Structure formats: structure tokens, C-alpha cells
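Inspection log for the structure reproduced underneath, given as C-alpha cells.
The values are calculated or read from the model by the stated rules, or taken from the named source; none is laboratory data. Computed from a predicted structure; not experimentally measured. Please note: Cβ atoms are built from the backbone with ideal geometry, for glycine as well, and neighbour counts cover all protein chains shown. Surface areas here come from the heavy atoms of the whole protein model, side chains and all, with no ligands, DNA or RNA. Shrake-Rupley method; radii C 1.70, N 1.55, O 1.52, S 1.80 Å.
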Amino acid sequence: CFFIAFFIWFSAAPLLSEIKDDLGLTKQEIWNSSIAGVGSTIFMRFVNGPLCDKYGPRVMMAAILLFACVPTALTGLVNSASDLLLVRMFIGIGGSTFVMCQYWTSRMFTKEVVGTANALAGGWGNL
């Protein structure tokens, strides 16, 4: 699941040069969209911890992935710098699934192997 979240999170990055040229955006507008994507991820990582305590990591992982797929699908409809910023901000929420991944893995494995399990789950997602 975490790999899918990273795939969503970085879906726009390889296309940014084309998006910049097609929409006539400045370098600053591209940077602003990148900052919005990372900023929303950071914010949601703080929010998702307590939500995992309340609803569980499986429910939260599913909810975040379902939510993040909508703006990802809407990326092709971007027409301006503000559209790109909003879409990347909402896509950035997908990057916050790291919290659910680590929470889930920590609960599934015993203390003798939980460090290895977390490293593999987190590392695989970052591929």
C-alpha cells in the first residue's frame, strides 16, 4: 500500500517540465506547487497518528489512498498555477501514509523483528 502511495505522491514530478511549458508557468509557481505537496504531507502525518489510534491503520490507509486517487486523476485537468498547487497539495496527502505503514507494521510484528519489518516496509515504499 505504501508503494502505491509513493507512486501517487510522485506522479506529477516527472511531468513538471511539460506542465510548465504547456501552461506557461514560472519556476516559482512550480516550486510553490512542490512546497504545497510536501507541506500537506507533513501536516497530515501529524493528523494521521491520532486517527490511526482511533480508527486503525487499515481504515486510515484505505481512506487516504482513496482520497489521494481523485486529485491524481484530475491532474490532467490542470489549467493554471493555482490548479496545479491545489492538485499537488491534495495529492501530497497520499505521502502521509507513511504513518499508517509504520503503525501497521509495528502492531503486526513482535519486538524482536519490528525494526527489520519497519525498515523493509518503509524502504519498499520508497522504491
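Tabulated data
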| item | result |
| --- | --- |
| Failed condition for Arg107, given (1) surrounded by fewer than 13 Cβ atoms within 10 Å (Cβ to Cβ); (2) touching a Cys at 6+ places or on another chain (Cβ under 8 Å) | (2) |
| Among the residues listed as Gln28, Gln102, the single one being modelled with pLDDT of 95 or more and assigned to a helix (DSSP H, G or I) | Gln28 |
| Hits in the stretch 42-58 - residues which are of a type in the set (D, E, K, R) and touching a Phe, Trp or Tyr at 6+ places or on another chain (Cβ under 9 Å) | Arg45, Asp53, Arg58 |
| Yes/no for Gly123 being open to solvent by 30 Å² or more (accessible area, probe 1.4 Å), small (Gly, Ala, Ser), over 30 Å from Trp31 (Cα atoms) and without any contact (Cβ under 8 Å) to a residue 60 or more places away in the chain | no |
| Qualifying residue in the stretch 76-96 (condition: in contact (Cβ under 8 Å) with a residue 12 or more places away in the chain, in contact with a helix residue (DSSP H, G or I) (Cβ under 6 Å, 6 or more places away or on another chain) and not in a helix (DSSP H, G or I)) | yes |
| Any hit, the stretch 40-54, residues being open to solvent by 30 Å² or more (accessible area, probe 1.4 Å) and in contact with a Leu (Cβ under 9 Å, 6 or more places away or on another chain) | no |
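Here is a yes/no grid of residues against (1) at pLDDT 95 or above; (2) in a helix (DSSP H, G or I); (3) within 18 Å of the chain's Cα centre (by Cα); (4) of a type outside the set (S, T, N, Q):
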{"site": "Phe7", "(1), (2), (3), (4)": "no, yes, yes, yes"}
{"site": "Ser11", "(1), (2), (3), (4)": "no, no, yes, no"}
{"site": "Pro14", "(1), (2), (3), (4)": "no, yes, yes, yes"}
{"site": "Ser17", "(1), (2), (3), (4)": "no, yes, no, no"}
{"site": "Gly37", "(1), (2), (3), (4)": "no, yes, yes, yes"}
{"site": "Ile42", "(1), (2), (3), (4)": "no, yes, yes, yes"}
{"site": "Arg45", "(1), (2), (3), (4)": "no, yes, yes, yes"}
{"site": "Asn48", "(1), (2), (3), (4)": "no, yes, yes, no"}
{"site": "Asp53", "(1), (2), (3), (4)": "no, yes, no, yes"}
